[in-house]
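Here is the structure we will look at, set down as structure tokens.
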Amino acid sequence: MILREFPRVAVIAISVALTACATQSPPPKPTVLVAAPEPAAKPPAPAEALLPKVPQPQERPVAPPSVTDPAIPREQRIAAFVDYTATTYGIDPQRIRDTLAQAEYKQSIIDAITRPAEAVKPWRDYRTIFMTPARIDGGVAFYRDNREPLERVAAQTGVPAEYIVAIIGVETFYGRNTGSYRVLDALYTLAFDHPKRAPFFAGELAQAFALSKDEPQLDLLTLKGSYAGAMGMGQFMPSSYRLWAKDGDRDGRRDLLTHKPDVFASIANYFVIHGWQADGPVVARASFDAQQPEFVPENLEPVHSLQTLATRGYRPMPGESVPGDTATEGATVVNLDGEAGREYWLGYRNYYVITRYNRSPMYALAVHQLAQAIRAGAQR
């Protein structure tokens, strides 16, 4: 979601010579004091044995430095972008130039994406955004209204229907808020005026041109989405749309804006591609030995065995789920500030998969908890 060598002992040879007058007998031979044998160095502590990582698809392509280096004049970067996109995706260069000529820089997009990290809410506040009666009840109603296509996709993919619904609920409040920015403006602004992440967003802008070629019904001049360029009920970025969207009802197109069969199939496919394990657990609430320091993993990959985590003070609480094969399936640790104090969670393989949709550990936990609430409500 990072051994220590002991210092060597110096060996010192000391020669002792006895001096005397020239008329005295010759001095005795020097006595050599031999140092004690060097003690064997202690072996370094063994590194933690990590379990295999969850297999992931290849990274999505990013734009080359000729497009994204801020030291290069803007007009040259735009010209390089046209060449890169035309060559990589087989698109008419003039079409790219004509479209970019209608793109607009939006300061509000820069403001939104550069909000300080301190503004991120703790879990006790983040959770209340999504675990509300309106969002839970809305999810239950959405599930019931779309039960047949949701459960068909779930049976085909192994991704439970409630998680598909929860993603839509967290991302767009079940399709009510899919974004008001033109995708073209969002990606154009971030590709050429946000150097920190320009390679990614310029790559996504190129993918957006390729997407409009693949899916002619998508018009870049009118397509709306988030300030980051994500679109549709499930908020797919252009590369995710191109690579992992599915034609859920086989009507010859992939419409993730409003067409629910495609939306459901595509969200499930995204999970499958990133390693979702059918019938596998997602998270477990954990107890923690307060006598030990909290463990903060380098990332969210579930590569730590439950035995190793137990030695660090983390154990699943009684009644919580564990992987079926604890010898090969691991977990990560998530430490959060909850309403009643610190909360400790073990995130398994499927939790990690949810974080591939959004890298935030709190996002993944919110999706999980909302899914469980929706499932409980839909069964009543």
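Every number here is computed from the coordinates shown, using simple stated rules; none is lab data. Predicted model only: the values in this text are computed from it and were never measured. Positions of Cβ are generated from backbone atoms using ideal geometry, with glycine treated the same way; all protein chains shown enter the neighbour counts.
Here are the numbers for the structure shown:
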read-out	value
Computed P(r) (all Cα pairs; the range 125-265; 10 Å bins; percent)	12, 39, 32, 16, 1
Hydrodynamic radius (Kirkwood) for the range 200-254, which is based on Cα pairs only, to one decimal in Å	11.5 Å
Geometric extent, Cα atoms of the range 291-380 - Rg, Dmax (angstrom)	13.7, 43
Positive-end residue of Leu187, Pro57, Val263, charge dipole of the chain with Cβ unit charges	Pro57
Cα-projected label distance for Ser180 with Ala327, points at 7 Å along beta-carbon direction, nm	5.7 nm
Distance from the range 202-220 to the range 252-309 (C-alpha centre basis), Å	28 Å
Distance cut-off 30 Å, percentage of C-alpha pairs in the chain lying past it	52 percent
Aspartates and glutamates with Cα under 16 Å of Lys224, excluding same-chain neighbours fewer than 8 positions away	Glu104, Glu171, Asp185, Glu204, Glu215, Asp255
Given Lys106/Lys246; Lys121/Lys213; Lys121/Lys196; Lys196/Lys260; Lys53/Lys213, the pairs whose alpha carbons are separated by over 29 Å	Lys106/Lys246; Lys121/Lys213; Lys196/Lys260; Lys53/Lys213
Proximal charge balance of Tyr143 [Cβ under 15 Å; K/R count +1, D/E count -1]	+2
Rg(Cα) / (2.2 N^0.38 Å) computed for the range 89-175, rounded to two decimals	1.64
Ratio of the Cα radius of gyration of the range 229-373 to 2.2 N^0.38 Å, where N counts its residues	1.19
Interatomic Cα distance distribution for the range 187-281, bins of 10 angstrom, percent	16, 45, 29, 9, 1
